[in-house]
1. Report yes if A:Gln291 is under 18 Å from A:Ile169 (Cβ atoms) and open to solvent by 10 Å² or more (accessible area, probe 1.4 Å), otherwise no.
2. Inside the range A:258-278, can you point out the residues that are within 13 Å of another protein chain (Cβ to nearest Cβ) and either more than 28 Å from A:Gly118 (Cβ to Cβ) or in contact with a Lys or Arg (Cβ under 6 Å, 6 or more places away or on another chain) (or both)?
3. Which condition does A:Leu126 not pass, out of (1) open to solvent by 30 Å² or more (accessible area, probe 1.4 Å); (2) within 15 Å of A:Thr199 (Cα to Cα); (3) not basic (Lys, Arg), if it passes all the others?
4. Quick check on my filter: what residues within the range A:110-154 are among the acidic types (Asp, Glu) and assigned to a loop (DSSP other than H, G, I, E, B)?
5. Mind listing whichever residues of the range B:246-257 are within 22 Å of the chain's Cα centre (by Cα), open to solvent by 10 Å² or more (accessible area, probe 1.4 Å) and more than 9 Å from chain A (Cβ to nearest Cβ)?
6. From the residues in the range A:265-288 that are touching a residue at least 60 places away in the same chain (Cβ under 8 Å) and part of a loop (DSSP other than H, G, I, E, B), which one is most open to solvent (accessible area, probe 1.4 Å)?
7. Among the residues of the range A:295-310, is there at least one that is of a type in the set (A, V, I, L, M, F, W, C) and in a loop (DSSP other than H, G, I, E, B)?
8. If we only count helices (runs of 4 or more DSSP H) wholly inside the range B:171-245, which ones have 2 or more residues that are away from every other protein chain (no Cβ under 14 Å) and of a type outside the set (D, E, K, R)?
There are 2 protein chains.
Amino acid sequence: MGALDRKIQTNRTGSVKLKLTQGGRPVAGCAVRIGQKNHKFQFGSNWQDDIIRFARKELNGPAGEQPDVITKLYLDLFNQVTLPFYWANFEPEQGKPGTEMMKKLASWYSSHDIALKGHPLCWHTLAPNWLLNMTNDEILRTQIDRIKRDVSDFAGIVDTWDVVNEAVIMPIFDKYDNGLTRLCKEKGRIELLKIMFETARETNPRARFLINDFDTSPAYDILVEGCLEAGIEIDVIGIQSHMHQGYWGVEKTERIIERFERFGLPIHFTENTIISGDLMPPEIKDLNDFQVTDWPSTPEGEERQAEEVVTHIKTLLSHPLVESITWWDIKDGAWLNAPSGLIRRDNTPKPSYHALKDLFKGEWWLKPSEFVSDSKGEIEVKGFLGEYELEFEGRLQRFQIPSTEESEIQIDLL
Amino acid sequence: MGALDRKIQTNRTGSVKLKLTQGGRPVAGCAVRIGQKNHKFQFGSNWQDDIIRFARKELNGPAGEQPDVITKLYLDLFNQVTLPFYWANFEPEQGKPGTEMMKKLASWYSSHDIALKGHPLCWHTLAPNWLLNMTNDEILRTQIDRIKRDVSDFAGIVDTWDVVNEAVIMPIFDKYDNGLTRLCKEKGRIELLKIMFETARETNPRARFLINDFDTSPAYDILVEGCLEAGIEIDVIGIQSHMHQGYWGVEKTERIIERFERFGLPIHFTENTIISGDLMPPEIKDLNDFQVTDWPSTPEGEERQAEEVVTHIKTLLSHPLVESITWWDIKDGAWLNAPSGLIRRDNTPKPSYHALKDLFKGEWWLKPSEFVSDSKGEIEVKGFLGEYELEFEGRLQRFQIPSTEESEIQIDLL
């Protein structure tokens, strides 16, 4: 077992002592079946276009009644999804947000036990063009109202939000004029973040709110420090890791996490990409500048991707503060037309998909297995933190391995 | 006149109406001589080794009695100096600071009307090795005591200080172990800066305190914003611009200033270098890694340097928030053995020196000239902001052009 695997064992597994009883009395020598139902750790991807079409009822016939093969692959691997609240797409015409369609989408994922994250509430990219006719005061008011509306409309459905996306470059973004860059230039990053987070929190005090950025230079951890010193309540630090130009490797990844660990906040790796084709040239600064019509996945690339993906995911999981990983995108040909998927364009899974499934639902997963209680009626279950199910005479009971600390649960079999 | 020159005229010049009187009555048709004595704008360099040797009385004979030729060149061009308070050099043995020698050095510069800046109070580089035996609490206590001692010892002599130097990399500096990196890693940048600035301000409430950094990426303006949001009173933002790898050009320089102008604080360009020899290769990340025994100044390099220096200085002066520029170093062969001087190793001035002197003491300077008061006894003097002297019948009186707003002064000639 390597160093990463050992850390994963330390930080991601636990044990629970089940005390089986009937009418309150211990039941010795009792055979039950126990299997894992979910990981505590969140592993997801961004929304899947076919699910959107499904929610929009754009799929007819059998496809309209049930998710297709990619969706099955999704549900077999992931327990979390990032939903697209890009403002310009969500509300292309001011006052007509796509709330109903998004609720259907959210509800579909929820019904499949997929945890939801909304992305993003405030971002200069995909800020609607209709903001450009406003004064900065009006833009601010509209942005605040947008947060209030969406966080409120989705309270109880989406309770995890990327509040501000890419604030490091927001005020100096110079590709095109947009309302948020104007506003951030005037207010400053921290003042804007403060207003956005306070608005979101007032609207839904029970939700969790992230800051998120692709900038992994000291600029970002300094910004987080500045926000925290200014009293902004950030629940989670989101770090993007789009590696179209090559896998970072363990050392760089650990060095980046290390720069954020002093805050003691949970970390989400919100946007992870490792491609299975030729790398994007290193001279490209803004990934969006790389526009290609054809970017194939190759057999060698897929083998490399599978190895790198496994090492990357293990690196992230080995750190106790990382609590969520989101793959970007599940299938080739989405953002940048890149071979970034775990699934090919023809809907077949790549080696990376199989490798991850072998971990999450294999090596790191308790398949339904028989356990027999000892003379005191006890069963010790060791495994990855998460949710488990006990079956006895056809009846099902759920329990958790909630933490790396040992715990005890009494389960009454009657 | 170019765009930079026009901005310099707008932001750096003013006019004053002198009302000449004798016994309170206006004196019409009176001839006086008026000349400039100093610029309001500070233009300086870092300490000069020969002056240190002079202060240490290491120079014998005539050299020990008067500053040498470089010193004359210094005094002819500059009105400000940065003094070296590098902790490891200033206090090589704990408890034995070089206070007396530094006071002699300071006093020599002061006696020549040179404004003083102390550099730096808190920096990971040149932190004394004897800190390494301490706990972080002890390092903090010792650093605080050091600030109290030196800011107090030099109050009234050195009233401008670089308080914290290079905080952006301080906690992630990994070249060698040092007390300040340890401390900053534990405290975080903003918390450490807060303690350092508060200590300095409590010790000398009348002094001006700078933050200073070579990092001109968004990390630095985000750090400044974080500090200000956390309530740290920073008086001046210091920006280093060591251009051993090539002159930035006007656009990049303006873009950097622009990122700091929203704070409305004065800006000092604290460490400016443009070399007159071959450029340092672009792949060098830390300038200190470039060690050469020979780095000659070349005739072509000197012509290029002169042009670039003039454009650079004009770019800085054209912005109203920039109030000080420090050249690093005045003479070739100091830091990094670079041809960074305005003066060659053989003590002869380069074209850059002449070009700057032509500006500061030529085009931008009022040489003693005759003025005659009008029928109301008034003289209008236009010129660069700064100090002027009026001579009438052998008697001298000082006055200021204090700002770009028009002002009036009554000067009684008796």
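The values are calculated or read from the model by the stated rules, or taken from the named source; none is laboratory data. Not measured: the values here are computed from a predicted model. Neighbour counts are summed over all protein chains in view; Cβ atoms, including those assigned to glycine, are modelled from backbone coordinates with ideal geometry. Accessible surface is based on the protein model in full, side chains and every heavy atom, while ligands, DNA and RNA are left aside. Shrake-Rupley method; radii C 1.70, N 1.55, O 1.52, S 1.80 Å.
1. So A:Gln291 fails the test.
2. Result: A:Glu258, single match.
3. (2)
4. A:Asp113 - this is the single residue of the range A:110-154 that is among the acidic types (Asp, Glu) and assigned to a loop (DSSP other than H, G, I, E, B).
5. B:Gly246, B:Tyr247, B:Trp248, B:Gly249, B:Val250, B:Lys252, B:Glu254
6. Filtering first and then ranking leaves A:Asp286.
7. Checked against the condition, which is being of a type in the set (A, V, I, L, M, F, W, C) and in a loop (DSSP other than H, G, I, E, B), the range A:295-310 yields at least one hit.
8. The helices (runs of 4 or more DSSP H) meeting that bar are B:179-187, B:189-203.
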